[in-house]
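Taking it in order: structure first as C-alpha coordinates, then the write-up.
The values are calculated or read from the model by the stated rules, or taken from the named source; none is laboratory data. What you see is a predicted model; the values in this text were computed from it and never measured. Backbone-built Cβ (ideal geometry, glycine too); neighbour counts: all protein chains shown.
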Amino acid sequence: MKRIAILGSTGSIGKQALDVIKQHPDQFEAYVLTAGNNAELLVEQAIEFQPNCVVIANESKYDAVSAALQNYPIKVYAGSEALCQVVENQAIDIVLTAMVGFAGLRPTVAAIKAHKTLALANKETLVVAGSIIQKLCFDNKVSILPVDSEHSAIFQCLNGEQYNRIQRILLTASGGPFRKMSKEQLEGVTPEQALKHPNWKMGAKITIDSASMMNKGFEMIEAHWLYNVAPKDIQVVVHPESVIHSAVEFEDGAVIAQLGTPDMRLPIQYAFSFPKRLLLQTERLDLFKLQSLHFEEADAERFPCLRLAYEAIEQGGNMPCILNAAGEVTNLAFRNKQIGFMDMPKFIEKAMHEAQFIANPTLDDLFATDKAIRELTQSYIG
(Lines give C-alpha, C1' and ligand atoms only; values in the text may rest on other atoms or scores of the structure.)
Protein backbone atom coordinates (compact mmCIF):
# COMPACT_ATOMS: atom_id res chain seq x y z
CA MET A 1 0.00 0.00 0.00
CA LYS A 2 1.46 3.36 -1.06
CA ARG A 3 0.42 6.39 0.95
CA ILE A 4 0.10 9.46 -1.26
CA ALA A 5 0.06 13.16 -0.43
CA ILE A 6 -1.78 15.14 -3.11
CA LEU A 7 -0.77 18.79 -3.13
CA GLY A 8 -3.63 20.38 -5.04
CA SER A 9 -6.32 17.71 -4.72
CA THR A 10 -9.16 20.01 -5.86
CA GLY A 11 -7.55 20.85 -9.20
CA SER A 12 -7.80 18.90 -12.45
CA ILE A 13 -4.78 16.63 -11.79
CA GLY A 14 -5.71 16.17 -8.14
CA LYS A 15 -9.26 15.06 -8.95
CA GLN A 16 -8.03 12.59 -11.56
CA ALA A 17 -5.42 11.27 -9.10
CA LEU A 18 -8.21 10.57 -6.62
CA ASP A 19 -10.07 8.66 -9.33
CA VAL A 20 -6.97 6.49 -9.82
CA ILE A 21 -6.81 5.88 -6.06
CA LYS A 22 -10.52 4.99 -6.06
CA GLN A 23 -9.90 2.42 -8.80
CA HIS A 24 -7.12 0.79 -6.74
CA PRO A 25 -7.99 1.03 -3.02
CA ASP A 26 -5.79 -2.02 -2.36
CA GLN A 27 -2.75 -0.27 -3.85
CA PHE A 28 -3.00 3.42 -2.92
CA GLU A 29 -4.21 5.54 -0.03
CA ALA A 30 -4.91 9.28 -0.14
CA TYR A 31 -2.98 10.16 3.03
CA VAL A 32 -2.83 13.95 2.68
CA LEU A 33 -5.10 16.25 0.67
CA THR A 34 -4.47 19.97 0.17
CA ALA A 35 -6.22 22.84 -1.57
CA GLY A 36 -5.61 26.52 -2.11
CA ASN A 37 -9.09 28.04 -1.87
CA ASN A 38 -11.69 25.40 -2.69
CA ALA A 39 -12.68 24.52 0.87
CA GLU A 40 -16.03 22.99 -0.09
CA LEU A 41 -14.55 20.43 -2.47
CA LEU A 42 -11.67 19.69 -0.09
CA VAL A 43 -14.21 18.81 2.60
CA GLU A 44 -16.13 16.55 0.19
CA GLN A 45 -12.91 14.76 -0.79
CA ALA A 46 -11.85 14.39 2.85
CA ILE A 47 -15.16 12.82 3.83
CA GLU A 48 -14.97 10.37 0.92
CA PHE A 49 -11.28 9.40 1.16
CA GLN A 50 -10.68 9.83 4.91
CA PRO A 51 -7.07 11.07 4.73
CA ASN A 52 -4.85 11.45 7.77
CA CYS A 53 -4.95 15.23 7.34
CA VAL A 54 -5.98 18.08 5.04
CA VAL A 55 -4.48 21.52 4.46
CA ILE A 56 -6.33 24.59 3.20
CA ALA A 57 -3.73 27.15 2.11
CA ASN A 58 -6.16 30.05 2.49
CA GLU A 59 -6.08 30.55 6.26
CA SER A 60 -9.38 32.44 6.27
CA LYS A 61 -11.13 29.18 5.34
CA TYR A 62 -9.65 27.12 8.18
CA ASP A 63 -12.65 27.49 10.47
CA ALA A 64 -15.09 26.34 7.78
CA VAL A 65 -13.02 23.25 6.94
CA SER A 66 -12.37 22.44 10.59
CA ALA A 67 -16.07 22.73 11.48
CA ALA A 68 -17.14 20.56 8.54
CA LEU A 69 -14.70 17.81 9.54
CA GLN A 70 -15.05 18.00 13.32
CA ASN A 71 -16.82 14.63 13.53
CA TYR A 72 -14.12 12.85 11.51
CA PRO A 73 -10.65 11.66 12.64
CA ILE A 74 -8.96 14.00 10.17
CA LYS A 75 -6.42 16.62 11.20
CA VAL A 76 -6.97 20.07 9.66
CA TYR A 77 -4.20 22.60 9.03
CA ALA A 78 -4.04 25.93 7.21
CA GLY A 79 -1.48 28.19 5.55
CA SER A 80 1.42 27.88 3.12
CA GLU A 81 3.84 26.73 5.84
CA ALA A 82 1.55 23.82 6.66
CA LEU A 83 1.84 22.66 3.02
CA CYS A 84 5.59 22.31 3.52
CA GLN A 85 5.27 20.63 6.91
CA VAL A 86 2.73 17.91 6.04
CA VAL A 87 4.92 16.40 3.30
CA GLU A 88 7.53 15.58 5.97
CA ASN A 89 5.23 12.95 7.54
CA GLN A 90 7.19 9.69 7.68
CA ALA A 91 4.20 7.61 6.57
CA ILE A 92 4.03 9.29 3.13
CA ASP A 93 5.53 7.32 0.22
CA ILE A 94 4.77 9.62 -2.73
CA VAL A 95 4.10 13.33 -2.97
CA LEU A 96 2.06 14.35 -6.01
CA THR A 97 2.79 18.02 -6.65
CA ALA A 98 -0.31 19.13 -8.55
CA MET A 99 -0.39 22.75 -7.40
CA VAL A 100 -0.55 25.39 -10.13
CA GLY A 101 2.35 27.72 -10.85
CA PHE A 102 5.26 29.04 -8.80
CA ALA A 103 3.35 28.32 -5.57
CA GLY A 104 4.35 24.66 -5.96
CA LEU A 105 8.09 25.33 -5.61
CA ARG A 106 8.43 25.65 -1.82
CA PRO A 107 6.41 22.50 -0.92
CA THR A 108 8.27 20.56 -3.62
CA VAL A 109 11.60 21.54 -2.09
CA ALA A 110 10.27 20.47 1.34
CA ALA A 111 9.22 17.08 -0.06
CA ILE A 112 12.67 16.52 -1.60
CA LYS A 113 14.42 17.42 1.67
CA ALA A 114 12.10 14.91 3.40
CA HIS A 115 13.35 12.24 0.93
CA LYS A 116 9.92 11.64 -0.63
CA THR A 117 9.45 10.21 -4.11
CA LEU A 118 8.03 12.99 -6.28
CA ALA A 119 5.21 12.50 -8.77
CA LEU A 120 5.78 15.82 -10.50
CA ALA A 121 2.85 17.55 -12.18
CA ASN A 122 3.92 21.09 -11.24
CA LYS A 123 6.17 21.83 -14.22
CA GLU A 124 6.92 25.36 -13.00
CA THR A 125 9.16 23.88 -10.29
CA LEU A 126 11.66 22.68 -12.90
CA VAL A 127 11.09 25.68 -15.18
CA VAL A 128 12.15 28.23 -12.55
CA ALA A 129 14.61 26.17 -10.48
CA GLY A 130 15.73 23.23 -12.61
CA SER A 131 19.41 23.19 -11.63
CA ILE A 132 18.63 23.67 -7.92
CA ILE A 133 15.96 20.93 -7.92
CA GLN A 134 18.28 18.60 -9.84
CA LYS A 135 21.02 19.02 -7.21
CA LEU A 136 18.57 18.69 -4.30
CA CYS A 137 17.23 15.43 -5.74
CA PHE A 138 20.77 14.08 -6.19
CA ASP A 139 21.86 15.09 -2.69
CA ASN A 140 18.71 13.60 -1.09
CA LYS A 141 18.56 10.51 -3.34
CA VAL A 142 15.04 11.44 -4.49
CA SER A 143 13.44 10.14 -7.69
CA ILE A 144 11.19 12.29 -9.87
CA LEU A 145 8.39 10.42 -11.62
CA PRO A 146 6.93 12.72 -14.31
CA VAL A 147 3.16 13.18 -14.49
CA ASP A 148 2.87 15.49 -17.50
CA SER A 149 1.64 13.28 -20.35
CA GLU A 150 4.59 14.21 -22.57
CA HIS A 151 7.26 13.64 -19.93
CA SER A 152 5.64 10.43 -18.80
CA ALA A 153 5.69 9.32 -22.45
CA ILE A 154 9.42 10.11 -22.72
CA PHE A 155 10.03 8.32 -19.41
CA GLN A 156 8.25 5.23 -20.74
CA CYS A 157 10.19 5.40 -24.03
CA LEU A 158 13.47 5.45 -22.09
CA ASN A 159 12.75 2.37 -19.95
CA GLY A 160 15.61 -0.07 -20.59
CA GLU A 161 17.52 2.50 -22.66
CA GLN A 162 19.87 3.80 -19.98
CA TYR A 163 22.97 2.79 -21.96
CA ASN A 164 21.82 4.44 -25.21
CA ARG A 165 22.37 8.07 -26.16
CA ILE A 166 19.36 10.23 -26.98
CA GLN A 167 19.70 11.98 -30.33
CA ARG A 168 16.64 14.16 -29.81
CA ILE A 169 13.29 14.34 -28.09
CA LEU A 170 10.15 14.83 -30.17
CA LEU A 171 7.84 16.74 -27.84
CA THR A 172 4.31 16.61 -29.19
CA ALA A 173 1.75 19.41 -28.91
CA SER A 174 -1.92 19.42 -29.89
CA GLY A 175 -1.59 22.95 -31.26
CA GLY A 176 -4.50 24.06 -29.10
CA PRO A 177 -7.72 25.70 -30.32
CA PHE A 178 -5.95 28.32 -32.49
CA ARG A 179 -3.66 26.05 -34.50
CA LYS A 180 -4.94 27.26 -37.88
CA MET A 181 -5.40 30.96 -37.04
CA SER A 182 -3.30 33.74 -38.55
CA LYS A 183 -1.37 36.20 -36.40
CA GLU A 184 -4.02 38.82 -37.19
CA GLN A 185 -6.84 36.52 -36.11
CA LEU A 186 -5.02 35.72 -32.87
CA GLU A 187 -5.13 39.40 -31.92
CA GLY A 188 -8.88 39.14 -31.41
CA VAL A 189 -9.39 35.80 -29.69
CA THR A 190 -11.23 35.76 -26.35
CA PRO A 191 -10.58 33.89 -23.09
CA GLU A 192 -13.74 31.87 -23.71
CA GLN A 193 -12.33 30.64 -27.02
CA ALA A 194 -8.91 29.94 -25.50
CA LEU A 195 -10.43 27.87 -22.70
CA LYS A 196 -11.96 25.38 -25.17
CA HIS A 197 -9.11 22.93 -25.65
CA PRO A 198 -9.85 20.45 -28.46
CA ASN A 199 -8.49 17.34 -26.69
CA TRP A 200 -7.63 17.72 -23.01
CA LYS A 201 -9.60 18.60 -19.88
CA MET A 202 -7.33 20.83 -17.81
CA GLY A 203 -7.38 23.76 -15.40
CA ALA A 204 -7.83 27.33 -16.64
CA LYS A 205 -4.19 28.47 -16.43
CA ILE A 206 -2.70 25.50 -18.26
CA THR A 207 -5.45 25.64 -20.90
CA ILE A 208 -4.56 29.27 -21.70
CA ASP A 209 -0.85 28.36 -21.67
CA SER A 210 -1.64 25.55 -24.10
CA ALA A 211 -3.46 27.95 -26.44
CA SER A 212 -0.47 30.33 -26.46
CA MET A 213 2.04 27.41 -26.60
CA MET A 214 3.68 28.76 -23.45
CA ASN A 215 2.86 25.40 -21.90
CA LYS A 216 4.89 23.65 -24.58
CA GLY A 217 7.77 26.01 -23.91
CA PHE A 218 7.59 25.13 -20.22
CA GLU A 219 7.51 21.43 -21.11
CA MET A 220 10.61 21.83 -23.28
CA ILE A 221 12.45 23.33 -20.29
CA GLU A 222 11.14 20.57 -18.04
CA ALA A 223 12.30 17.90 -20.51
CA HIS A 224 15.74 19.53 -20.62
CA TRP A 225 16.16 19.13 -16.85
CA LEU A 226 14.51 15.71 -16.54
CA TYR A 227 16.44 14.02 -19.35
CA ASN A 228 19.62 16.11 -19.64
CA VAL A 229 18.95 16.92 -23.29
CA ALA A 230 20.02 20.25 -24.79
CA PRO A 231 17.11 22.55 -25.76
CA LYS A 232 18.28 22.52 -29.41
CA ASP A 233 17.74 18.74 -29.39
CA ILE A 234 14.14 19.00 -28.16
CA GLN A 235 11.86 19.50 -31.15
CA VAL A 236 8.25 20.55 -30.68
CA VAL A 237 5.97 18.66 -33.09
CA VAL A 238 2.35 19.75 -33.52
CA HIS A 239 0.20 16.63 -33.54
CA PRO A 240 -3.50 17.60 -33.41
CA GLU A 241 -4.86 14.14 -32.56
CA SER A 242 -2.91 13.95 -29.25
CA VAL A 243 -2.39 10.20 -29.68
CA ILE A 244 1.42 10.16 -29.73
CA HIS A 245 2.29 11.77 -26.42
CA SER A 246 5.97 12.18 -27.29
CA ALA A 247 8.83 10.21 -28.81
CA VAL A 248 12.56 9.69 -28.46
CA GLU A 249 15.02 9.32 -31.33
CA PHE A 250 18.24 7.44 -30.62
CA GLU A 251 21.59 7.79 -32.38
CA ASP A 252 20.95 4.76 -34.61
CA GLY A 253 17.86 6.48 -36.04
CA ALA A 254 15.33 4.37 -34.14
CA VAL A 255 12.34 6.34 -32.81
CA ILE A 256 10.33 5.01 -29.87
CA ALA A 257 6.97 6.67 -29.17
CA GLN A 258 4.28 6.24 -26.53
CA LEU A 259 0.67 6.24 -27.75
CA GLY A 260 -2.64 6.36 -25.93
CA THR A 261 -5.92 8.20 -25.59
CA PRO A 262 -5.71 11.73 -24.11
CA ASP A 263 -6.41 10.74 -20.49
CA MET A 264 -4.24 12.18 -17.72
CA ARG A 265 -5.12 9.31 -15.41
CA LEU A 266 -2.71 7.05 -17.32
CA PRO A 267 0.48 9.05 -16.54
CA ILE A 268 -0.77 9.74 -13.00
CA GLN A 269 -1.33 6.04 -12.36
CA TYR A 270 2.01 5.09 -13.94
CA ALA A 271 3.80 7.49 -11.60
CA PHE A 272 2.00 5.91 -8.64
CA SER A 273 2.50 2.28 -9.68
CA PHE A 274 5.96 2.44 -11.32
CA PRO A 275 7.60 0.13 -12.25
CA LYS A 276 4.39 -1.91 -12.46
CA ARG A 277 1.41 -1.25 -14.70
CA LEU A 278 -2.11 -1.65 -13.36
CA LEU A 279 -5.51 -2.00 -14.99
CA LEU A 280 -7.05 1.41 -15.71
CA GLN A 281 -10.71 1.88 -16.54
CA THR A 282 -10.33 4.21 -19.50
CA GLU A 283 -11.12 4.44 -23.19
CA ARG A 284 -8.79 2.27 -25.27
CA LEU A 285 -6.90 3.46 -28.33
CA ASP A 286 -8.47 2.16 -31.55
CA LEU A 287 -6.04 2.65 -34.44
CA PHE A 288 -8.65 1.55 -36.98
CA LYS A 289 -10.97 4.38 -35.95
CA LEU A 290 -8.10 6.86 -36.15
CA GLN A 291 -6.92 5.77 -39.61
CA SER A 292 -4.46 8.68 -39.90
CA LEU A 293 -2.21 10.89 -37.76
CA HIS A 294 -0.97 14.35 -38.67
CA PHE A 295 2.19 16.31 -37.83
CA GLU A 296 3.16 19.95 -38.35
CA GLU A 297 6.07 22.17 -37.45
CA ALA A 298 5.47 24.53 -34.54
CA ASP A 299 5.21 28.18 -35.62
CA ALA A 300 7.11 30.38 -33.17
CA GLU A 301 6.19 33.49 -35.16
CA ARG A 302 2.46 33.08 -34.55
CA PHE A 303 3.11 31.69 -31.07
CA PRO A 304 6.06 33.71 -29.75
CA CYS A 305 5.79 32.29 -26.22
CA LEU A 306 7.50 29.18 -27.58
CA ARG A 307 10.43 31.24 -28.86
CA LEU A 308 10.67 33.08 -25.54
CA ALA A 309 10.92 29.79 -23.65
CA TYR A 310 13.86 28.65 -25.80
CA GLU A 311 15.53 32.03 -25.30
CA ALA A 312 15.00 31.86 -21.53
CA ILE A 313 16.55 28.42 -21.05
CA GLU A 314 19.44 29.22 -23.39
CA GLN A 315 20.24 32.30 -21.30
CA GLY A 316 19.76 30.35 -18.08
CA GLY A 317 20.16 31.87 -14.63
CA ASN A 318 16.95 33.42 -13.34
CA MET A 319 15.60 34.06 -16.86
CA PRO A 320 13.22 31.06 -16.84
CA CYS A 321 11.90 32.36 -13.50
CA ILE A 322 11.33 35.75 -15.14
CA LEU A 323 9.55 34.02 -18.03
CA ASN A 324 7.29 32.11 -15.64
CA ALA A 325 6.42 35.05 -13.35
CA ALA A 326 5.53 37.31 -16.27
CA GLY A 327 3.63 34.41 -17.82
CA GLU A 328 1.51 33.82 -14.73
CA VAL A 329 0.60 37.51 -14.43
CA THR A 330 -0.30 37.92 -18.12
CA ASN A 331 -2.21 34.63 -18.20
CA LEU A 332 -4.47 35.83 -15.36
CA ALA A 333 -4.82 39.29 -16.92
CA PHE A 334 -5.94 37.73 -20.21
CA ARG A 335 -8.47 35.51 -18.43
CA ASN A 336 -9.78 38.64 -16.69
CA LYS A 337 -10.02 40.42 -20.05
CA GLN A 338 -7.53 43.11 -19.03
CA ILE A 339 -5.22 42.41 -21.99
CA GLY A 340 -5.43 40.73 -25.38
CA PHE A 341 -4.12 37.30 -26.34
CA MET A 342 -1.07 38.65 -28.20
CA ASP A 343 -0.31 41.08 -25.35
CA MET A 344 0.81 38.10 -23.28
CA PRO A 345 4.04 37.40 -25.21
CA LYS A 346 4.61 41.14 -25.71
CA PHE A 347 4.62 41.86 -21.97
CA ILE A 348 6.59 38.70 -21.16
CA GLU A 349 9.33 39.68 -23.61
CA LYS A 350 9.38 43.22 -22.21
CA ALA A 351 9.87 41.83 -18.69
CA MET A 352 12.66 39.54 -19.90
CA HIS A 353 14.48 42.54 -21.40
CA GLU A 354 14.01 44.85 -18.43
CA ALA A 355 14.47 42.49 -15.47
CA GLN A 356 17.66 42.12 -13.45
CA PHE A 357 19.53 39.04 -14.66
CA ILE A 358 21.21 36.73 -12.14
CA ALA A 359 23.51 34.12 -13.66
CA ASN A 360 23.66 31.72 -10.67
CA PRO A 361 20.57 32.36 -8.54
CA THR A 362 19.92 30.83 -5.13
CA LEU A 363 16.42 29.79 -4.07
CA ASP A 364 16.10 33.11 -2.24
CA ASP A 365 17.10 34.93 -5.43
CA LEU A 366 14.33 33.09 -7.31
CA PHE A 367 11.68 34.03 -4.74
CA ALA A 368 12.84 37.66 -4.95
CA THR A 369 12.85 37.51 -8.77
CA ASP A 370 9.34 36.10 -8.84
CA LYS A 371 8.03 38.89 -6.60
CA ALA A 372 9.81 41.66 -8.54
CA ILE A 373 8.71 40.40 -11.95
CA ARG A 374 5.09 40.06 -10.89
CA GLU A 375 5.12 43.70 -9.83
CA LEU A 376 6.95 44.78 -12.99
CA THR A 377 4.58 42.91 -15.30
CA GLN A 378 1.54 44.19 -13.43
CA SER A 379 2.80 47.75 -14.04
CA TYR A 380 2.61 47.13 -17.81
CA ILE A 381 -1.01 46.03 -17.48
CA GLY A 382 -2.01 48.94 -15.26
query = Restricting the search to the stretch 314-325, which residues are of a type in the set (A, V, I, L, M) and either in contact (Cβ under 8 Å) with a residue 40 or more places away in the chain or surrounded by fewer than 17 Cβ atoms within 10 Å (Cβ to Cβ) (or both)?
reply = Ile322, Leu323, Ala325
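Is it the case that some residue within the stretch 84-106 is at positive phi and surrounded by fewer than 20 Cβ atoms within 10 Å (Cβ to Cβ)?
So the first thing to find is which residues in the stretch 84-106 are at positive phi, and the list is 101.
From what's left, surrounded by fewer than 20 Cβ atoms within 10 Å (Cβ to Cβ): none.
No - not one qualifying residue is present in the stretch 84-106.
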query = Among the residues of the stretch 1-35, how many are buried (at least 21 other Cβ atoms within 10 Å of the Cβ), at pLDDT below 95 and either polar (S, T, N, Q) or closer than 17 Å to Gln85 by Cβ (or both)?
reply = 0
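Given the criteria under 27 Å from Ile4 (Cβ atoms), out of contact with any Gly (no Cβ under 6 Å at 6 or more places or on another chain), crowded, with 18+ Cβ neighbours inside 10 Å and not assigned by TED's automatic domain parsing to the domain that holds Gly11, does Gln162 qualify?
On the way: under 27 Å from Ile4 (Cβ atoms): yes; out of contact with any Gly (no Cβ under 6 Å at 6 or more places or on another chain): yes; crowded, with 18+ Cβ neighbours inside 10 Å: no; not assigned by TED's automatic domain parsing to the domain that holds Gly11: yes.
So Gln162 does not fit the description; no.
Results for (1) of a type in the set (Asp, Glu); (2) at pLDDT 95 or above, shown as yes or no for each residue.
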position: Ala64; (1), (2): no, yes
position: Ser80; (1), (2): no, no
position: Ala114; (1), (2): no, yes
position: Lys135; (1), (2): no, yes
position: Asn140; (1), (2): no, yes
position: Asp148; (1), (2): yes, no
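Filter the stretch 9-50 down to the residues that are assigned to a helix (DSSP H, G or I) and of a type in the set (Asp, Glu), then identify the one that is nearest to the chain's Cα centre (by Cα). If you could, list the steps in order and put the result at the bottom.
So the first thing to find is which residues in the stretch 9-50 are assigned to a helix (DSSP H, G or I), and the list is 12-23, 39-49.
Now drop any that are not of a type in the set (Asp, Glu), which leaves 19, 40, 44, 48.
On the way: Asp19: 18, Glu40: 24, Glu44: 24, Glu48: 26 Å.
Ranking the qualifying residues of the stretch 9-50, first place goes to Asp19.
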